[in-house]
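Since the structure comes first, as structure tokens, the remarks are kept for the end.
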Amino acid sequence: MSNIKIYNTLTRKKEEFVPLEPGKVKMYVCGPTVYNFIHIGNARPPIVFDVVRRYFMYRGYDVTYVQNFTDVDDKIIKKANESGMSVEEVAEKFIASFVEDVRALGVKEADIHPKVTEHIPEIIFFIEGLIEKGHAYVAGGDVYFRTASFPEYGKLSHQNIEELQAGARIEVNDKKENPLDFVLWKGAKPGEIYWESPWGKGRPGWHIECSAMSHKYLGDTFDIHGGGHDLTFPHHENEIAQSECLTGHPMAKYWMHNGYINIENEKMSKSLGNFILVKDVREKYSPRVVRFFMLSAHYRNPINFSDELLQQAANSLGRIDTCVRNLKHHLISAANEVTTEEEKQRLDAFRKRFIEEMNNDFNTADAITVLFDIVREVNQFMAGSAVKKELAEAYLSLFAELGDVLGISFGEAEASVTGPSDEEINALIEERTLARKEKNFARADEIRNHLQEMGIVLEDTPQGIRWHRK
């Protein structure tokens, strides 16, 4: 079933995917800390791992996909204090905005969306287990993980403890036994949100939440842990240390990390102030274009973000959309001829090539190249004699099948945010058709010109009127 190869950050090489349980894939992907609207860089992991999930499902796997929400954190508390809202109100507001943004980008909802605040008992239980085994210690109301107790610390980021200690830029903290020790439980400051615990009032540290929640829903060891490249260290490194010290088993078999999105070759981030919010991008570009842009590069590579590149993506996606719409249009007058064996084999060869590219570490960039080869083939046979109905339907079905893997429905007439809706365009076209029937050519021309001004191109064909957006 498989032949899928994944670049494993842990081993720094591509490995053939062999599931822990035949026919099943268990995935955990780190979700957002919900204190602000997401920027375009934050949108890349949901899109990347949505495609990974879709592809596994396409290949016949039963996938359990977990993505968490960090809904209590220093940044959320700060936002709450600044806005006069409660921590819960801030979290719910930005969870809702995240869901709205990624849903618009074609991301399917995770099977499980655990929130930190709903898993405090599991987190406390996890920490208690680490203390009992000597991997964590209490210090003045806080609890820290004892990094030196895990000899393999650094194996994901491929650094050793001595190097990390030498280069550590960690705040001076007399409570810690070691500068690399990290907090599992934070004692509450006056006025902060808190939960009762064996160590006093407080709340979880960032890293422990993912260990506790992934363990609850996916067990001691699961197949794939994913997230952005910036999470490799310290977040995922610390997750491994916590989880493997408690369970004695590898946390995840494969570790996947997507590359950054850059603005003028500099990593996009809120701290640098060079971020672009998804909700703002959606006002200028169709979410389909944004998703297509993201998938036009291999997920591990950095992407440079610019209006020019987004426009190129829009043009490229438009080529596929136009081909699909033309194919649908040709069905009106298609000939009922039987598809030859050679034609079937050519069509199936495209599917096999697409699968080969996706098998190679989910290479969406080269998979999209296959789509353009299909477009070229289809355009050639549409330019020839009468189109065969069965063959046209087979290619339309192939576009739909492969598009579903990428999470993009090809052939849609894009509705711009500021432009007319499809319904408005079709109503004007009907009015123009009626005007021509009544020989009111002045009104028909007026409507056509009006549509052109709105960026709508009309084509009068023997099969009727076609239209597309510029």
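The values are calculated or read from the model by the stated rules, or taken from the named source; none is laboratory data. The model shown is predicted, which means the values in this text are computed figures rather than measured ones. Glycine also receives a Cβ, built like all others from the backbone with ideal geometry; neighbour counts cover every protein chain displayed. Note: accessible area is taken over every heavy atom of the protein model, side chains too, but ligands, DNA and RNA are not part of it. Shrake-Rupley method; radii C 1.70, N 1.55, O 1.52, S 1.80 Å.
So here's what we get for this one:
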{"item": "Accessible-area ranking of Phe125, Phe441, largest first, probe 1.4 Å", "result": "Phe125, Phe441"}
{"item": "Calculated FRET efficiency for the pair Lys13/Asp404, C-beta based, R₀ 22 Å, to 0.05", "result": "0.15"}
{"item": "Label point distance in nm, Ser157-His229, each placed 7 Å from Cα along Cα→Cβ", "result": "1.5"}
{"item": "Segment 370-389 and segment 431-445: distance between their alpha carbon centers, rounded to Å", "result": "34"}
{"item": "Area accessible to solvent at Ile193, 1.4 Å probe radius, in Å²", "result": "40"}
{"item": "Segment 215-276-segment 135-161 distance, computed between alpha-carbon centres (Å)", "result": "17"}
{"item": "Correct choice for mean projected area of the Cα convex hull in nm² that was computed from the model, options (i) 22.0; (ii) 26.3; (iii) 23.1", "result": "(ii)"}
{"item": "5 angstrom amide H check on Phe182, placed H, neighbours 5+ away", "result": "Phe145, Thr147"}
{"item": "Between 0 and 90°, nearest 10: helix 422-437 axis offset from the chain longest Cα axis", "result": "0"}
{"item": "Paramagnetic reach from Ala365 in segment 33-53 [backbone N under 16 Å; point 7 Å along Cα→Cβ]", "result": "48"}
{"item": "18 Å reach of a label modelled at Glu377, 7 Å along Cα-to-Cβ, counting backbone N of segment 286-315", "result": "none"}
{"item": "Given charges at beta-carbon only (K, R positive; D, E negative), |dipole| of segment 1-114 in Debye", "result": "700"}
{"item": "Furthest towards positive pole of dipole, Gln311, Ala386, Ser397, structure part the chain, Cβ charges", "result": "Ala386"}
{"item": "Solvent-accessible surface (1.4 angstrom probe) belonging to Leu277, in square angstrom, nearest 10", "result": "30"}
{"item": "Accessible-area ranking of His330, His158, His207, largest first, probe 1.4 Å", "result": "His158, His330, His207"}
{"item": "Segment 115-244, accessible surface, carbon-and-sulfur percent (1.4 angstrom probe)", "result": "51"}
{"item": "Where segment 1-83 is the region considered: accessible area per residue in Å², 1.4 Å probe", "result": "38"}
{"item": "Inter-site label distance for Val99 and Ala335 at 7 Å from Cα along Cβ, in nm", "result": "5.3"}
{"item": "Solvent-accessible ranking of Arg300, Arg203, largest area first, probe 1.4 Å", "result": "Arg300, Arg203"}
{"item": "Acute angle (nearest 10 degrees) that the helix 120-132 long axis makes with the longest principal axis of the chain, alpha-carbon atoms", "result": "40"}
{"item": "Where labels lie 7 Å past Cα in the beta-carbon direction, separation of Ala427 and Lys439 in nm", "result": "2.9"}
{"item": "Difference of contour (0.36 nm per residue) and Cα-Cα distance, Tyr217 to Asn315", "result": "31.1 nm"}
{"item": "DSSP-defined antiparallel bridges as percent of all bridges, the chain, nearest 5", "result": "55"}
{"item": "Heavy atoms of Val375 accessible to a 1.4 Å probe, total area in Å² rounded to 10", "result": "0"}
{"item": "Across Lys24/Lys270; Lys328/Lys439; Lys176/Lys201, pairs whose alpha-carbon gap is larger than 25 Å", "result": "Lys24/Lys270; Lys328/Lys439"}
{"item": "Efficiency of FRET from Cβ geometry, Ala394 and Trp467, R₀ 25 Å, rounded to 0.05", "result": "0.45"}
{"item": "Relative contact order, percent, the chain [alpha-carbon distance under 8 Å, six or more residues apart]", "result": "16"}
